[in-house]
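The values are calculated or read from the model by the stated rules, or taken from the named source; none is laboratory data. These numbers were taken from a predicted model, which means no experiment stands behind them. A quick note on method: Cβ atoms are made from the backbone with ideal geometry, for glycine too, and the neighbour counts reach across all protein chains shown. The area values use the complete protein model at the heavy-atom level, side chains included, leaving out ligands, DNA and RNA. Shrake-Rupley method; radii C 1.70, N 1.55, O 1.52, S 1.80 Å.
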Amino acid sequence: MDRLPRRRQLLRAGLPAMLVAPLAARAQERAAVTIDEHDYFPRELRVAPGTTVVWTNKDDTPHNVVSTDNPRAFRSRIMDTTEVFEFTFAAAGTYSYFCSLHPHMRGRIIVG
Amino acid sequence: MRNDEHPDHGRRHALECMLWAGSGLLWTVAGGIPRSSLLGSAEAHAQSAQGSFSFVHISDTHLGFNMAPNPDPVVTLRESLDRAKSFNPALMLHTGDITHLSRPGEFDRATQIINGARIETHYAPGEHDVVEDDGKDFYQRFPQGARTGGFYSFDQGGVHFVCLNNVTNLQAGKMGMIGAEQMRFLEQDLAARTASTPIVVFAHIPLWVVHEPWGWGTEDSAQLLRLLARFGSVTVLNGHIHQTMQKIEGHVAFHTGMSTAFPQPAPGSRPSAGPIRDLPPGELRKLLGINRVSRVQNDGALAVVSSPLEG
């Protein structure tokens, strides 16, 4: 279950809406990264703190999204075609990531 | 010191030619796919038949893949296994990407089908097999390298086989990696072998640089070659790139195998390495298949014969 973003985990756990709502409110900003042709589009994305970035795999090859930080800031499960992964960036900073199946695929989220 | 411990690299070109002639490599043109050829097909098979030991190399079965150009790789896997059985091999090497998504159901289906062929099979992990949970589902089903994390060796038919794992802990922007632990294992493992022992090394990602921009190579393969340099016959078998390629370096013959699921483009020929979707009708099975490897001469040379499902 660790691949699910926190908000969805809470929803799955069936917690009352009143507990979920404040979390949802903090993660209103959303931004998209598309995965296609063994690449991330855009490769570099600038967002404000609190933004939820959603990666969507539109390629016909499975990919993933793995932080290069140690310890890793995030790591998706393997994403088949049309599958998505999302992560909310609370803190400012530069977050580099890659596809651990195709390590030449690299991207970066700049939060600030 | 034995004379065969240190081949004369100053005569590399001549040695390469001798190896090509001696190993009977067969790479012909079929279905528009160029393969170098030194022997005719019938001649190679006749030579193979005389050998006392042969095995098959299968790769990239990708169970779980379900799109163009092959919505049902189970069918082409079964056809590949039928082809393998027709060769009556002593064993089969699977160089990884058994599954497409590392999912338990894909592993179970692959195990059921491959075990049904009743060929002793040894597996190297592909990155699609060990991407989740440190490869738990892979090592549960294929425990030969479970203790070490995917590498091991064994002897059969007078050949020393070494399985390497170059797909774990891949680093951003880098190609495959063998790593220091496996190098130490390999050094110790090879120390007890005579230079005349035929060596087969199998791993998923090519153990030479095929195309760096797509990650088709192994970062520390030069170190591997140094460990193998004193052996007179080394055959390296890889998968990952879903097409046949070969290269000779010193006494080392590198070969990649076709996938049984879908072909990938020639290096750099398309924007990305994804499946070739737009195949003309009837072309798919010319680009899928297995390799047959035979010991064709008494000096330990091995012949690798590519065997597409059609053509």
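Near B:G96, the amide H atoms lying under 5 Å from its own belong to B:D60, B:A124; only residues 5 or more places off or on other chains count, and H is placed 1.01 Å from N. The residues packed around B:V201, meaning those with a beta-carbon under 15 Å from its beta-carbon, carry a net charge of -1 if Lys and Arg are +1 and Asp and Glu are -1. Measuring heavy-atom accessible area with a 1.4 angstrom probe and counting protein chains only, the residues of segment B:118-132 that give up at least 10 Å² relative to the chain alone are B:E127, B:H128, B:V131, B:E132.
Sort segment A:28-111 into rounded, prolate or oblate with this rule: let a ≥ b ≥ c be the square roots of the eigenvalues of the Cα gyration tensor; rounded if a/c is under 1.5, and if a/c is not under 1.5, prolate when a/b is larger than b/c, oblate otherwise. The shape class here is prolate. Rounded to two decimals, the Cα-based Rg/Rh of segment B:89-210, with Kirkwood Rh, is 0.97. The residues of segment B:58-130 expose on average 33 square angstrom of accessible surface per residue, using a 1.4 Å probe on protein heavy atoms.
For segment A:28-111, the solvent-accessible area works out to 42 Å² per residue, with a probe of 1.4 Å and every protein chain left in place. Over the Cα atoms of segment B:138-238, each weighted equally, I'd like the Debye log10 I(q)/I(0) at q = 0.15 Å⁻¹, rounded to two decimals. The Cα Debye sum returns log10 ratios of -0.60.
Buried surface between chains A and B: roughly 2000 Å² of accessible area, summed over both sides, computed with a 1.4 Å probe on protein heavy atoms only.
Interface burial in segment B:252-298, defined as at least 30 Å² less accessible area with all protein chains than with the chain alone at a 1.4 Å probe, covers B:S272, B:P275, B:R277. Compute accessible area for segment A:92-112 by itself and then with all protein chains, 1.4 Å probe, and report residues whose area falls by 20 Å² or more. For segment A:92-112, once contacts with the other chains are taken into account, A:F98, A:S100, A:L101, A:P103, A:H104, A:R106 lose 20 Å² or more. Of all aspartates and glutamates in the structure, the ones whose alpha carbon falls short of 17 Å from that of B:K85, not counting any fewer than 8 places away in one chain, are B:E120, B:E310. Within the full protein context, the accessible area of B:S196 is estimated at about 80 Å² for a probe radius of 1.4 Å. Counted residue by residue at 0.36 nm each, then reduced by the alpha carbon distance between them, the extension gain from B:R147 to B:V75 reaches 22.6 nm.
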